[in-house]
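Reading through the structure tokens given below for one structure.
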Amino acid sequence: MKAPHTSRRSFVQATAAAAAVAVWPQLAQAQAFPAKPIKLICPWPAGGSSDAVMRALAESAGKALGSQVIIENKPGASGMLGPNELVRAAPDGYTLSQFTIGVARLPHMQKMQFDPLKDFTYIACLTGYTFGIVVKADSPFKTIKDLVDYAKANPDKFTYGSTGNGTTPHLAVEEFAGKAGIKLSHVPFKGSSDGLQALLGGHINAHSDATGWAPHVEAGTLRLLATYGSKRTKRWPNVPTLNELGYDTVSDSPFGIGGPKGMDPAVVKKLHDAFKKTLEDPAVLASFDKYDQSVIYMGTEEYTKFIRETFQKEKVTIERLGLAMKG
């Protein structure tokens, strides 16, 4: 007959072995990751500023991971078609999406397919947009004052495009219009390239967007009236911010990368580390510079906390603008 302590030791060893067997597939999967190409959804059209930056990030992250990261464009729904797809995707790290501030804002404005606090894994925040409002170079609107004066005399006649309902380029202009006491007519587009085409074609008076318009401003075909950040941009130091013009409107808009809920923490860490490494890549930093984006890094825990806090702040903003979902 075995001594009791021997039996107890055997039991403990057997239990530990069983636990190791249960954990082993997960560990093995995390160590093998990535074993195939990763899909990274860019929820904006090909050819725009977001698409260019996302492609630079994907190429750089792919090198760090030793596997291809393939961009898939899914434009529309104010940048929410990527997050929507994650709700149905397997949490294996092979389907990721860009997340904009819209993920924490739009659920206050309309019924969404997701709950931003429960349905996603926020991997890393990487950068953020610079926004501004542009008109054609031959436009009679030379300044924001010209725009305000015209809109006061002609309510709802001044048309401006944005990248969709509830996006920062839309809400920043609505906030400015509210502070200026004017009414403008909003025209939503699927992304920056569509809106710019409409502006250059003379179909709208202005376009509010991230700096996809920069090459046109540099070439002299468009005029930049104002930017929306807390301070003037390095590239256009002579262009005022809406805030300094007295309209109390500041919009800085960080964005990052995320996946479905329930992802293996070891896979999340691998992805986080790879995307963090992109922020040291000269090619990525050059793409940021081209579109006047700065490095805005947040790790997984900090980014998750940021989204939770932003969700609460956006609720207040949306209610103040009178855009909250009814019912």
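The values are calculated or read from the model by the stated rules, or taken from the named source; none is laboratory data. Not measured: the values here are computed from a predicted model. As a convention, Cβ positions derive from the backbone with ideal geometry for all residues, glycine included, and neighbour counts pool all protein chains shown.
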**Report entry** Boolean, Ser251 is in a helix (DSSP H, G or I), buried (at least 19 other Cβ atoms within 10 Å of the Cβ) and among the hydroxyl-bearing types (Ser, Thr, Tyr)
**Finding:** no
Query raised in the report: Can you pull out the residues in the range 248-267 that are out of contact with any helix residue (DSSP H, G or I) (no Cβ under 6 Å at 6 or more places or on another chain) and hydrophobic (A, V, I, L, M, F, W, C)?
Result: Phe255, Met263
Query raised in the report: Of all the residues that make up the range 136-173, how many are surrounded by fewer than 17 Cβ atoms within 10 Å (Cβ to Cβ), farther than 21 Å from Ala214 by Cβ and either of a type outside the set (A, V, I, L, M) or not assigned by TED's automatic domain parsing to the domain that holds Ile204 (or both)?
Result: 12
Query raised in the report: Within the range 29-55, how many residues turn out to be of a type in the set (A, V, I, L, M, F, W, C) and surrounded by 19 or more Cβ atoms within 10 Å (Cβ to Cβ)?
Result: 8
Report task. Mind counting the residues in the range 113-160 that are in contact with an Asp or Glu (Cβ under 6 Å, 6 or more places away or on another chain) and aliphatic (A, V, I, L, M)? Result -> 0
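Per-residue answers, yes or no, for (1) in the same structural domain as Val173 (by TED's automatic domain parsing); (2) within 26 Å of Asn165 (Cβ to Cβ); (3) among the aromatic types (Phe, Trp, Tyr); (4) surrounded by 18 or more Cβ atoms within 10 Å (Cβ to Cβ):
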| site | (1), (2), (3), (4) |
| --- | --- |
| Leu285 | no, no, no, yes |
| Asp289 | no, no, no, no |
| Gln293 | no, yes, no, yes |
| Tyr297 | no, no, yes, no |
| Glu302 | no, no, no, no |
| Lys305 | no, no, no, no |
| Arg308 | no, yes, no, no |
| Lys313 | no, yes, no, no |
| Val316 | no, yes, no, no |
**Report entry** Selection status of Ser60, closer than 27 Å to Asn165 by Cβ, of a type in the set (Ser, Thr, Tyr) and either assigned by TED's automatic domain parsing to the domain that holds Lys190 or crowded, with 23+ Cβ neighbours inside 10 Å (or both)
**Finding:** no
Report summary line: Residue hits (the range 278-327; at pLDDT 95 or above and over 19 Å from the mean Cα position of the chain (by Cα)) are Glu280, Asp281, Pro282, Ala283
Report task. Considering only residues that are free of Cβ contacts under 8 Å to residues at least 60 places away in the same chain and not in a helix (DSSP H, G or I), look in the range 186-210 and name the one that is surrounded by the most Cβ atoms within 10 Å (Cβ to Cβ). Result -> Phe189
Query - Considering residues of the range 211-232 that are in a loop (DSSP other than H, G, I, E, B), in contact (Cβ under 8 Å) with a residue 60 or more places away in the chain and within 19 Å of the chain's Cα centre (by Cα) only, the residue surrounded by the fewest Cβ atoms within 10 Å (Cβ to Cβ) - result: Gly229
Query raised in the report: Is it fair to say Gln110 is of a type in the set (S, T, N, Q), in the same structural domain as Leu40 (by TED's automatic domain parsing) and either surrounded by fewer than 20 Cβ atoms within 10 Å (Cβ to Cβ) or more than 29 Å from Glu309 (Cα to Cα) (or both)?
Result: yes
